[in-house]
1. Checking the condition closer than 29 Å to B:Phe384 by Cα, free of Cβ contacts under 8 Å to residues at least 12 places away in the same chain and acidic (Asp, Glu), which residue from A:Asp267, A:Asp208, A:Asp214, A:Asp175 passes?
2. Looking only at helices (runs of 4 or more DSSP H) that lie completely in segment B:412-531, which have at least 3 residues being of a type in the set (A, V, I, L, M) and more than 29 Å from B:Lys372 (Cα to Cα)?
3. For segment A:234-250, check the following and say yes or no: at least one residue is part of a loop (DSSP other than H, G, I, E, B) and either under 28 Å from A:Lys5 (Cβ atoms) or modelled with pLDDT under 90 (or both).
4. Here are the criteria: (1) within 7 Å of chain A (Cβ to nearest Cβ); (2) touching an Asp or Glu at 6+ places or on another chain (Cβ under 6 Å). Tell me which single one B:Ala412 does not satisfy.
5. Filter segment B:448-459 down to the residues that are surrounded by fewer than 18 Cβ atoms within 10 Å (Cβ to Cβ) and more than 10 Å from every other protein chain (Cβ to nearest Cβ) and list them by number.
6. Could you please let me know if A:Gly49 is out of contact with any Cys (no Cβ under 9 Å at 6 or more places or on another chain), within 14 Å of another protein chain (Cβ to nearest Cβ) and on the phi > 0 side of the Ramachandran plot?
7. For residues in segment B:53-72 being within 11 Å of chain A (Cβ to nearest Cβ) and touching a Leu at 6+ places or on another chain (Cβ under 7 Å), which is farthest from B:Leu98 (Cα to Cα)?
8. Is it true that some residue in segment B:185-200 is assigned to a strand (DSSP E or B), within 14 Å of another protein chain (Cβ to nearest Cβ) and within 17 Å of the chain's Cα centre (by Cα)?
Amino acid sequence: MELIKPNSNINFVGRIKTALIFSLVLIGISLLSLLIKGGPRYGIDFEGGTLVQVKFFNAVDIGSVRTALDSLAIEGLSVQEFGEKDAQEYLISMKKTTGELQGVEDTVKGALTDTFGSDALEVRRVEMVGPKVGKDLRKKGMLAVTFSILGMLIYIWWRFELRFGVGAIFCLIHDVCITLGALSLTNKPVDLPIIAALLTVVGYSVNDTIIISDRIRENLKKMGRGRLPDIVNKSINQTLSRTCITAGTTLMVVVALYFLGGEVIHDFAFTLIVGIVAGTYSSIFIASPLLIVWEKLFPHKKKR
Amino acid sequence: MDKSLKWRVILIVVVIAISCLYLIPSAAKLPSWWGSTFPSEKIALGLDLQGGMHLLLEVEAEKALSNTVDRLVSDLSDVLLNERIPFDRIERVASDKLLLEVLNPTFKEQFSALLTDRFPNLEKLKVDEKEGIVTYTLGLRAEDKEYLRKFAVDQGLETIRNRIDEFGVSEPTVQKQGRDRILIQLPGVKDPKRAIDLIGKTALLEFKIVNDEYDINSALKGEIPSDSELLYSKREDKTTGESTKKPFLVKKRTSLTGEHLQTARVSFNQFNEPYVSIGFDSMGSKLFERITRDNVKKRLAIILDNNVYSAPVIRERIAGGRASIEGSFTTEEARDLAIVLRAGSLPAPVTILEQRTVGPSLGQDSIRQGIKSILIGGAAVVLFMMIYYHLSGAVANFALCLNMLIIFAALAAFRATLTLPGIAGILLTIGMAVDANVLIFERTREELRTGKTPRASIEGGYAKALVTILDANITTLIAALFLFQFGTGPVKGFAVTLTIGLTASLFTAIVCTRVVYDYFLSRMRIKKLSI
């Protein structure tokens with residue numbers, strides 16, 4: 001079975017302008033959303049805060065949960081439905097934390113049991129991250145991102161020439177921007193698992209770019225006399241089948257995770273889906289065609 | 001069969017056998033003889049899957065310093081009184097400093113000698129002499145401060161470990177993190193609040209004499225004699241939930257602390273109400289006897305963490321070193337208090353920096369949903385590979401199954417923890433591990449199209465795809481390695497499974513599938529590849 005015909009010859013290189021404009025618009029929207037909302041919305045891992053997930057055994061509507069918690073007068077307290085519809089699960093989050101043994105979660109639970117009775121609910125999850133740990137985790141997250149990206153760039157630089165790296169770097173920025181933008185637009189919090197997903201996306205996208213670059217390099221050796229745009233285009237087409245199939249199988253599992261993996265892993269799966277789509281798109285339409293743009297701006301010394 | 005093929009088949013069989021060996025403990029109940037010969041590590045589930053509590057505490061080591069300085073202030077004033085050195089003011093001015101005013105400069109030398117002799121851990125930071133008053137600023141020595149801080153953390157760690165051991169949690173983790181932090185993980189803990197109370201309580205038990213010579217009402221207005229302090233007895237009525245606060249004016253001086261405690265256990269009084277009876281060691285018994293002898297008719301306040309539990313009147317001298325703490329406890333509270341007292345007090349209070357608790361039901365749900373998504377996501381990939389690459393797809397699926405086997409076996413062997421993001425990592429591996437085979441198959445198809453024989457095409461496919469596969473996997477591995485380095489808890493689990501999965505895929509997708517082809521191509525005259 002073949003999805004992509006072996007002699008496919010789609011002119012990706014010729015569509016670089018359209019692709020670039022499309023990407024820049026997406027990046028623009030992402031940056032705009034980030035700018036308006038004042039950067040990504042950090043989850044409690046990075047910002048510090050308390051999160052209490054409660055499940056009611058009987059139908060309780062969100063309004064009455066809010067009313068029950070109103071008396072506490074906790075600043076920045078938010079209640080949202082969590083999980084499947086009619087799961088009667090709510091996620092209560094707040095900025096407040098305390099280092100005391102009697103934590104905020106006890107106060108919250110107390111207020112809820114006062115209203116609904118002690119047998120009406122179950123606290124399924126509590127996460128409290130104090131400001132000090134939040135700062136630590138932010139630092140660790142930054143370090144993980146910086147070192148991973150640096151590591152990948154060094155690897156690309158070592159394995160390929162600079163001109164291949166340019167496309168990879170642009171793709172990297174492109175994918176991270178768009179994924180962060182999607183998170184910002186859907187108002188999903190960025191925390192440690194999301195950083196992990198982002199880095200996986202970066203690894204995946206760079207991986208895609210490398211495979212096409214490998215092909216370009218191979219074809220350059222084989223048909224050194226051809227025009228660079230033709231060689232690049234041919235290489236993209238030759239690897240297109242692989243790019244699509246791998247994106248497909250990866251998306252299959254990530255979509256399974258998104259729909260079946262449960263609410264806790266939902267945002268993580270969402271990040272992966274957006275990232276993989278963006279990554280696949282960018283390595284086909286942007287990374288390699290950029291090579292030609294780069295070549296026009298800074299001609300390669302060795303005449304072919 | 002040629003030699004290299006034979007060796008490769010043996011290698012694969014050995015890998016499968018070892019993997020199975022490591023997986024058996026997780027899958028089945030083991031006979032007793034197993035552990036002595038074979039590995040018995042099970043796959044450990046993270047707290048997010050099995051439920052439990054993760055707690056990061058910070059020891060307020062500065063408080064240990066100020067406690068020490070407080071004690072020194074009290075000791076020093078006793079010594080000065082004994083030596084008849086006239087002084088006016090003596091007080092702690094910072095966590096590690098105290099201020100002393102000696103009223104007569106002629107005592108300077110005697111004081112210096114006394115200081116070096118009796119208080120070697122204090123050093124003179126500043127000496128001011130003005131109008132016949134010598135003002136000393138004394139501080140703890142740097143090495144003593146360092147020792148005290150370290151001791152506060154180490155002793156706190158030890159105490160908490162003892163408390164948890166008595167509390168009864170299976171496989172708890174209690175370890176020092178950084179300079180002054182303690183990481184605690186309690187899998188499967190049912191009542192997190194109770195656990196926190198038990199772990200975090202300073203449990204400083206003190207006995208102080210109640211100052212009944214002074215009017216409590218004027219003390220409440222703020223006129224507190226310098227040798228006394230105001231403490232409260234806070235109680236909550238179990239039925240009404242109302243809390244009451246009763247003030248006590250007690251002498252600042254601590255007569256006796258829980259340091260000399262030997263036993264603490266739950267007993268019941270005639271109304272069947274639980275209380276904690278405590279017994280002192282010989283030194284504590286002597287002290288207790290002396291205190292009760294000297295203070296007959298006075299009240300002795302029993303104070304735990306600055307909360308007055310009771311203040312009975314001393315009727316007569318008490319020998320034998322027994323006392324009781326009453327406080328309208330539930331049996332459970334009394335039991336926990338006894339545990340805490342037996343394990344000793346924390347040298348410095350702790351605060352909670354981070355707490356993550358997952359209830360067992362959520363953990364179960366996560367496992368169920370995780371397995372479901374692996375099965376369905378995996379099935380989709382397997383099905384797709386079969387449809388798209390026919391028999392070759394089956395070969396890739398065989399590699400995928402082997403990959404799963406190796407991931408789980410490696411998790412058990414390295415005692416890594418499987419977390420919910422870890423499950424996601426496995427799932428992602430399924431999607432990405434087939435990439436290696438996809439690369440090989442696509443190359444092989446290209447070779448076939450040029451009219452090469454199946455055998456030559458396979459060889460060409462593998463040879464040309466190899467470098468690309470390595471290049472591609474290394475970038476993801478770089479990300480995974482740094483995630484492992486800087487990630488915590490669940491995220492680390494993701495990095496682990498992704499790293500193992502991708503590394504294993506190099507073996508399964510390249511070596512194992514190749515063996516299958518080599519075997520069939522050498523055995524049979526295959527004219528057409530099913531690819």
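The values are calculated or read from the model by the stated rules, or taken from the named source; none is laboratory data. Every value quoted in this text rests on a predicted model; they were computed, and no experiment measured them. Reconstructed Cβ throughout: ideal geometry from the backbone, glycine too, with neighbour counts over all protein chains shown.
1. On the way: A:Asp267 fails: free of Cβ contacts under 8 Å to residues at least 12 places away in the same chain; A:Asp208 fails: free of Cβ contacts under 8 Å to residues at least 12 places away in the same chain; A:Asp175 fails: free of Cβ contacts under 8 Å to residues at least 12 places away in the same chain.
Result: A:Asp214 is the single residue among A:Asp267, A:Asp208, A:Asp214, A:Asp175 that is closer than 29 Å to B:Phe384 by Cα, free of Cβ contacts under 8 Å to residues at least 12 places away in the same chain and acidic (Asp, Glu).
2. Values: elements: B:420-449, B:454-486, B:489-506, B:513-523.
Here the list reads B:454-486, B:513-523.
3. Initially, segment A:234-250 is screened for residues part of a loop (DSSP other than H, G, I, E, B), giving none.
No: zero hits.
4. Of (1) within 7 Å of chain A (Cβ to nearest Cβ); (2) touching an Asp or Glu at 6+ places or on another chain (Cβ under 6 Å), only one is false for B:Ala412: (1).
5. Filtering segment B:448-459 for residues surrounded by fewer than 18 Cβ atoms within 10 Å (Cβ to Cβ) gives B:449-453, B:455-456.
B:Thr450, B:Gly451, B:Lys452, B:Thr453, B:Arg455, B:Ala456, listed by residue number.
6. Values: out of contact with any Cys (no Cβ under 9 Å at 6 or more places or on another chain): yes; within 14 Å of another protein chain (Cβ to nearest Cβ): yes; on the phi > 0 side of the Ramachandran plot: yes.
It is true that A:Gly49 is out of contact with any Cys (no Cβ under 9 Å at 6 or more places or on another chain), within 14 Å of another protein chain (Cβ to nearest Cβ) and on the phi > 0 side of the Ramachandran plot.
7. Narrowing segment B:53-72 to residues within 11 Å of chain A (Cβ to nearest Cβ): B:53-58, B:60.
Add one more test, that the residue is touching a Leu at 6+ places or on another chain (Cβ under 7 Å), and what stays is B:53-54, B:56-58.
Details: B:Met53: 41, B:His54: 39, B:Leu56: 32, B:Leu57: 29, B:Glu58: 26 Å.
The extreme case among them is B:Met53.
8. Initially, segment B:185-200 is screened for residues assigned to a strand (DSSP E or B), giving B:185-187.
This time we only want the ones that are within 14 Å of another protein chain (Cβ to nearest Cβ), so: B:186.
Still in the running and within 17 Å of the chain's Cα centre (by Cα): B:186.
Checked against the condition, which is being assigned to a strand (DSSP E or B), within 14 Å of another protein chain (Cβ to nearest Cβ) and within 17 Å of the chain's Cα centre (by Cα), segment B:185-200 yields at least one hit.
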